[in-house]
Each structure stands twice: as structure tokens, then as C-alpha cells.
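Take this structure first; my questions come after.
Each reported figure results from applying straightforward, stated rules to the coordinates on display, with no laboratory input. Note that the structure is a prediction, hence the values are computed from the model and not measured. Because the Cβ atoms are built from the backbone with ideal geometry, glycine has one as well, and the counts that use them run over all protein chains shown.
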Amino acid sequence: MTGSHADMSRHVKMYFGVFAALFVATVATVAVSRIELGHVGHITLALAIAVFKASLVAAIFMHLKWEKTKWIWWPLAICAFFFVVLLAIPTLTTNETEARAHYGAWDTLPSHEAPAEDAHGEHGD
């Protein structure tokens, strides 16, 4: 077995630190979902936390932090670029007018409430 006990202990401490950071970030994601930030705010903050968690996993568990060869970064950069493009496509190709035409006015979307009773005490359909 290569490496000393001190090296192994240092790595174990680092892995537990990453575990703790991932746990805290997951709890933060759930907590943020319960705060009123608006739809865009929730998505933005959740994606920011997800990028942090993914970066942490890639750097430590995939050992990219210690990678000596530089060519590995090009495929990662290309994947990241196309990931952003694929996320942006629905935003760039859909506008509010198309959404309103498809779903109707935002304030008239169907609700899950019980139908109202009419004057005779019968439910209207």
C-alpha cells in the first residue's frame, strides 16, 4: 500500500469535508425552494447550487483538481458549452405570446377547486 497514514487521514478528512459541503448545499436547495423568490429566482439559485455541487464532485471525486494533463479540459468545456446551449434553447425559442396562445391567459389557467354551485344548489359543469 502506497502513502503514509497521514496522507490517508488527510484524504479521508477531505472526503468528509466534501460530504458535509454537499449535504449543506442539498439542505440549502430545499430551504431555498420554500422561500418566495419567484419562479426565475428559484431556478437561478437552484442551478447555482447545483453547479457548485457538480464542480465539487468533479474536482475532488473525479480527481480533476490534481489532473496534470491539460487536454482533459477541452472536452469538459465543450460539454459545458453545449449543456448551456441546450438549456437556453427553450428560453430562446418560446416567447410569452406563444405560451399564452397555447395555455390561454395566465389568470384563466384551470384550477383544482370544486365547481361553484348555481342558484338551485346544483353544481355547474
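What are the ³J(HN,Hα) values, in whole Hz, obtained from phi via the Karplus relation 6.51 cos²θ - 1.76 cosθ + 1.60 with θ = phi - 60°, for each residue of the range 52-62 in sequence order, with x given for Gly and Pro?
Using θ = phi - 60°, the values come out as 4, 5, 5, 5, 5, 5, 5, 5, 9, 6, 8 Hz.
Could you derive backbone 3J(HN,Hα) for the range 7-19 from the dihedral phi with the Karplus parameters 6.51, -1.76 and 1.60 (θ = phi - 60°), listing whole Hz in sequence and x where the residue is Gly or Pro?
With coefficients 6.51, -1.76 and 1.60, one gets 5, 5, 4, 5, 5, 5, 4, 5, 5, 5, x, 5, 4 Hz.
In whole Hz and in residue order, list the ³J(HN,Hα) couplings for the range 24-31 that follow from phi through the Karplus curve 6.51 cos²θ - 1.76 cosθ + 1.60, θ = phi - 60°; x for Gly and Pro.
Result, rounded to whole Hz: 4, 5, 5, 4, 5, 4, 5, 5.
When you count, for each residue, the other Cβ atoms within 10 Å and take the mean per peptide, how do 72-81, 23-32 rank with the highest first?
23-32, 72-81
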